[in-house]
1. Listed residues L22, L31; which is assigned to a helix (DSSP H, G or I) and either open to solvent by less than 50 Å² (accessible area, probe 1.4 Å) or modelled with pLDDT under 95 (or both)?
2. Taking the range 65-98 as the region of interest, how many residues are charged (D, E, K, R) and either within 13 Å of V14 (Cα to Cα) or free of Cβ contacts under 8 Å to residues at least 40 places away in the same chain (or both)?
Amino acid sequence: MSIWVDVARVSSAVNVVLLLALAAVWARNYLEIRSKYPLGLLIFAVFLLARNALALYMYIVDPTLSGWFSTDVPAIAWRAMMLLHVFETLGLLFLGWITFD
């Protein structure tokens, strides 16, 4: 089961980095254009960043939850959580590709 934990952790960390980069671009665009579209994307990035930062905190830092996630969560649940993180990473990579292009 350790592989599922590691993949979820790495995926969450990658998501945090991608969201910081995307939020920076969207914040700059909002300041230049003053349109609702980049503002909406920025708010979306901030909420998704908070969610991924909390997940990363629970997986790595929190002593109770990180231990529980590493030992007591069934493998099927880890596979599902890992898939959600990986799908989110793939979506953010695509969003990053079209944003930075």
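The values are calculated or read from the model by the stated rules, or taken from the named source; none is laboratory data. Small disclaimer: the values here were computed from a predicted structure and weren't measured. Backbone-built Cβ (ideal geometry, glycine too); neighbour counts: all protein chains shown. Side chains are part of the model used for accessible areas, which takes the heavy atoms of the whole protein and leaves out ligands, DNA and RNA. Shrake-Rupley method; radii C 1.70, N 1.55, O 1.52, S 1.80 Å.
1. Details: L31 fails: either open to solvent by less than 50 Å² (accessible area, probe 1.4 Å) or modelled with pLDDT under 95 (or both).
Selected residue: L22, the only one of L22, L31 that is assigned to a helix (DSSP H, G or I) and either open to solvent by less than 50 Å² (accessible area, probe 1.4 Å) or modelled with pLDDT under 95 (or both).
2. Total meeting the criteria: 2.
Listed here are the residues, each with its yes/no results for (1) over 22 Å from W97 (Cα atoms); (2) open to solvent by less than 90 Å² (accessible area, probe 1.4 Å); (3) in contact (Cβ under 8 Å) with a residue 60 or more places away in the chain.
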residue: S12; (1), (2), (3): no, yes, yes
residue: L41; (1), (2), (3): no, yes, no
residue: N52; (1), (2), (3): no, yes, no
residue: P63; (1), (2), (3): yes, no, no
